[in-house]
Amino acid sequence: MVGGKATASPESCCGCGACAKACPRQCIRMVADADGFVFPQVDADACVNCGRCEQVCPFERKPDVGDRVQPKIYAARQRSQAVLTAAASGGAFGGIAAALSDEPGGKDWWVWGAVLDENLRVCHRCRRLSEGLEPFHKSKYVQSDLGDALPEIRRQLKAGERVLFSGTPCQVAALRNYLGEGPIQDNLFCVDLVCHGVPSQRMFDRYIEEEGRALKSPIRQVEFRHKVYRGRKEGWDSRYMRLTLADGRQKVRNRYQSRFLRAYYAYLFQRKSCYTCPFTTAERNGDVTIGDFWGVKRMLPEVEEDRGISLIQVNTAAGERVTERVTERVELEMELWPVDREAYIKRSGGAMVQPAAANRNRKAFFRAARDDSFFRAVDSAIPAWKEWAKIEFMRRLTPETRRKLKRLRHGNGSGAKG
Ligand SMILES: Cc1cc2nc3c(=O)[nH]c(=O)nc-3n(C[C@H](O)[C@H](O)[C@H](O)COP(=O)(O)OP(=O)(O)OC[C@H]3O[C@@H](n4cnc5c(N)ncnc54)[C@H](O)[C@@H]3O)c2cc1C
């Protein structure tokens, strides 16, 4: 196979770009396909078949994660209402980062995470922990472009810096593989997300363009997971998107009104490899894994969840040390509740343990979206009212019944969490 991973199938390539960054001959380029998903393209004449691309590929190789411990799960919530409002769920990421800043070693950490830049592109950026985490907050439901993050992180670690990296599980595995085993990872702390898949930047661009046209003013800013508080029903779990327009207006769209969110939560347009994601297992590659603690009331009835509750799973000795610091130091401003892990895994059935099931209209959607408007392609694949009724119905069922129903429906994904 020429270029090893560079000829991978869409089902087994997450588009992380580790192969391109690791190639000693620089003969791999990441190129977007018709739907905007990036794949490696190899210059066969320059390739010397060294196999380096396969060594770093997260689909080919399990990463070195350091000292694994028996995983533990917590529900977590920041005490500060302002921090809670800024975060996607309970602010676990901020709490972990605060505990890290407390680690002995002196130096300020470099923090890497996904931001929505000034051109509304989702990409990984870094800044010092002391500068704050603001650009990283909120889950951007688009594949984040790692750019030069991998070589830059290697450079930082080699220079003796400490690095906190947050990303999807495939990105964490890609980074660890790219760095390789050994002491280079000693100063690296990884946070991987519970993740049920990413759409492409191109689909997001098209949504932004058409929504701006419909609203008669271009969209300048987007806030995913905007939290609206008008009574209990409109808390964190309603999953709103806030759009800021060039003319100064702000529009809030719920998960049904926004064609982007509607498609996202119906698993209509995620990357193909997300539907067969090998990282949706309880054995994780981050030092800690964070996610949304949906249904926390069923396990911890005493916990108030209106403004969001995170889930933290501790996977490694480093993750355990840092999480213990959060529990010991009340001034870190985060509350943690231990949870029975077996019971959680049994109940959850979500992206912690299984990949999203592709919507049966996925293929038809992309066919339509290539020639027609994004709005029309979404509307024909998942009519709003139908999706609404289905999701509201599913939400009222127990996870066990939901799982049984999903199996019966042969993988038409809807009612997604995240
Ligand atoms: C694409 C995606 C799918 C998800 N699916 C689920 C799910 O099915 N179930 C579930 O329980 N949780 C899911 N999550 C995680 C969840 O939405 C929250 O990110 C998590 O609960 C952390 O909450 P927080 O309050 O600590 O986050 P915040 O403080 O808001 O921090 C957000 C964190 O997410 C990272 N991030 C944001 N967008 C991206 C991106 N596009 N790519 C890589 N990293 C990103 C940031 O770097 C930051 O570390 C998903 C997140 C993403 C990005």
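Please treat every number below as a calculation from the coordinates, not as lab data. Here the structure is a predicted model, which is why all the values come from computation and not from measurement. No Cβ is skipped: glycine too gets one built from the backbone with ideal geometry, and neighbour counts run over all protein chains shown.
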Practice item. Sum -39500 (n - 2.57) across every DSSP H segment of at least 4 residues in the chain, then divide by the residue count to get the 222 nm mean residue ellipticity, nearest 500. Key: -9000 deg cm²/dmol
Check your understanding: Percentage of Cα-Cα pair distances in region 346-400 greater than 15 Å, rounded to whole percent?
Key -> 62 percent
Revision key, fill the gap. Check: C-alpha center region 69-118 vs C-alpha center region 234-303, spacing in Å is 18 Å
Practice item. For Arg370 and Ala317, compute 0.36 nm times the residue count separating them, minus their Cα-Cα distance, and round to one decimal in nm. Key: 14.3 nm
Practice item. For each pair in Lys216/Lys251; Lys227/Lys272; Lys272/Lys404, compute the distance between the two Cα atoms and list the pairs where it is over 18 Å. Key: Lys227/Lys272; Lys272/Lys404
Review point. Running Debye on region 4-56 with equal point scatterers at the Cα sites and no solvent, what base-10 log of I(q)/I(0) appears at q = 0.19, 0.26 Å⁻¹?
Key: -0.55, -1.00
Point to revise | Gaussian network model of the chain, springs between alpha carbon atoms under 10 Å - residue of Ser166, Ser80, Ser139 with greatest fluctuation | key: Ser80
Review point. Highest GNM mean-square fluctuation, the chain, Cα pairs closer than 10 Å: which of Ala266, Ala343, Ala384?
Key: Ala343
Point to revise | the chain: relative contact order as a whole-number percent, Cα under 8 Å and 6+ apart | key: 20 percent
Exercise for review: Only Cα pairs under 8 Å and at least 6 apart count here; give the relative contact order of region 4-56 as a rounded whole percent.
Suggested key: 43 percent
Practice item. Using DSSP, restrict attention to beta bridges with both residues in the chain and report what percent are antiparallel, rounded to the nearest 5. Key: 75 percent
Point to revise | Linear extension gain, Arg341 paired with Lys386, 0.36 nm per residue minus alpha-carbon span | key: 12.7 nm
Point to revise | Cα gyration tensor category, rounded, prolate or oblate, for region 287-347 with a/c compared to 1.5 | key: oblate
**Study point:** Debye, to nearest 20: dipole size of the chain, +1 on Lys, Arg Cβ, -1 on Asp, Glu Cβ
**Key:** 1760 debye
Point to revise | Choice from Ala82, Ala20, Ala381 showing the highest fluctuation, given a GNM over the chain with Cα pairs closer than 10 Å | key: Ala82
**Study point:** Residues of region 197-229 with amide N under 17 Å of a point placed 7 Å along Cα→Cβ from Ala34
**Key:** 200, 202-203
